[in-house]
1. Hey, with R₀ at 51 Å, roughly what FRET efficiency would Asp167 and Asp110 work out to, going by the Cβ-Cβ distance, to 0.05?
2. Between Glu290 and Ile41, how high is the FRET efficiency from 1/(1 + (r/R0)^6) when r is the Cβ-Cβ distance and R₀ = 41 Å? Nearest 0.05.
3. Sort Glu92, Glu178 so that the residue with the fewest other Cβ atoms within 10 Å of its own Cβ comes first and the one with the most comes last.
4. For Lys157, which aspartates and glutamates qualify as cross-link partners when the Cα separation must be under 13 Å and same-chain residues fewer than eight apart are set aside?
5. Between the range 295-329 and the range 168-247, what's the alpha-carbon centroid distance in Å?
6. By how many nm would the segment from Thr185 to Asn359 lengthen if fully extended, with 0.36 nm per residue of separation less the alpha-carbon distance?
7. Restricting attention to the range 231-300, which GluC sites (Glu not before Pro) occupy a DSSP loop and are surrounded by at most 12 other Cβ atoms within 10 Å?
8. About its Cα centre, how strong a charge dipole does the range 152-264 have in debye, to the nearest 20, once Lys and Arg get +1 and Asp and Glu get -1 at the Cβ?
Amino acid sequence: MFYYHGKNRTFALFLNLSEPMLLQNRVNKKELKKRIQEESIQRITVSFYRYVIIEEPQELRDQLFKQWEELRVLGRIYIAREGINAQMSVPEENWERFKELLYADVRFKDVPFKIAVEDNGKSFYKLTVKVRPKIVADGLDEGSFDVTNVGKHLSAKEFNEAMENPDTIVVDMRNHYESEVGHFTGALCPDADTFREELPIVIDELKDKKDKKILMYCTGGIRCEKASAYLKHHGFTDVNQLHGGIIDYVRQIKAENLPSKFIGKNFVFDERVGERITEDIIAECHQCGEPCDTHVNCANDDCHLLFIQCPSCAEKMKGCCTPECVHIASLPVEEQKALRRGRKKEDCLSVYKSRLRPNLKTILEESQQKK
């Protein structure tokens, strides 16, 4: 192993004769967050994707990592043989150079960008570029359907107009914790934790509506790109998708002074967690039931459950989801580590994202009754 020193970060190069060389960020999370909070430069939070055949994903991964590190880019990027999916933060001063380098690769020429509507430049604190089997995990066999045979792309204006037809069916292709805080009015919001779970649910719920006009939407468009092709593969005849997803929808309605048919917050997968689109609060605190749409991760490092917590409960529960987590999080760090040490994965309190979905309100009520 030897080290590569970039402009702002240090990376380790692991050399193995049988494996490709990897660049990895070696600075701890706490220090990285401190650096980004103290940073004075302006940043642009942007996302983009493209389905395109990439013959050597690992080679491209290392090339982009080194290139973007030099430009002080931060973010989370997935690369696979089927394409690229990126959410990132680019220094404003390096924006033109970033576009120039990306567009120089014919595979990404003129790829459309979705710029964040609410951006304080602190959306990411490190650069992560990973090679994955797919850029969106769908649980489907590769080559089982034509991913290029996608639905019709609609602008914000066209999407709004199509929603006026009472026979139109609007489908939210995001996870339940995303649609919980914000969605298009009247949309079908499947009760799913992952995209792979959602695809068969949507097919089943709409199985007798294959001749209806289907409008699909997601955060930036990438999930709809694949989902629309999947619906067409299953015989749906009028499949449409919101071009650029919710992110670009907001940009378009602001630029064209259009009404927003999306209400609430747009959940985003970075440090911001959500972008407010309208002032409507359509969700409630998972602990007390008060109107709230602020997502947090449990402060107990052995849990990190994603849930909605109001300011009052955050103070009372010290940022935790249950009394047990409050107790564990209050222990000295070494004691917390000792509790985790040697514990089997299935016994861990960790319930990342929303897969467990405990009824926090009931848990707190039962805890109070025991006192």
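Bear in mind these aren't lab numbers, they're just calculated from the coordinates by the rules spelled out. The structure displayed is predicted, hence computed values, not measured ones. Cβ coordinates were reconstructed from backbone atoms using ideal geometry, including for glycine residues, and neighbour counts include every protein chain displayed.
1. Numbers: r = 36 Å, r/R0 = 0.70.
Once rounded, the FRET efficiency stands at 0.90.
2. Numbers: r = 38 Å, r/R0 = 0.92.
My answer for the efficiency is 0.60.
3. Numbers: Glu92 11, Glu178 23.
In order of increasing Cβ crowding within 10 Å: Glu92, Glu178.
4. Once the sequence-local aspartates and glutamates are set aside, what remains near Lys157 is Asp248, Glu256.
5. 31
6. Numbers: separation 174, 0.36 × 174 = 62.64 nm, distance 2.60 nm.
Gain in length upon complete extension: 60.0 nm.
7. Details: sites: Glu256, Glu271, Glu275, Glu279, Glu284; in loops: Glu271, Glu279.
Sites meeting the loop and neighbour criteria: Glu279.
8. Details: 15 positive and 19 negative charges, 72 e Å.
Dipole about the Cα centre, nearest 20: 340 debye.
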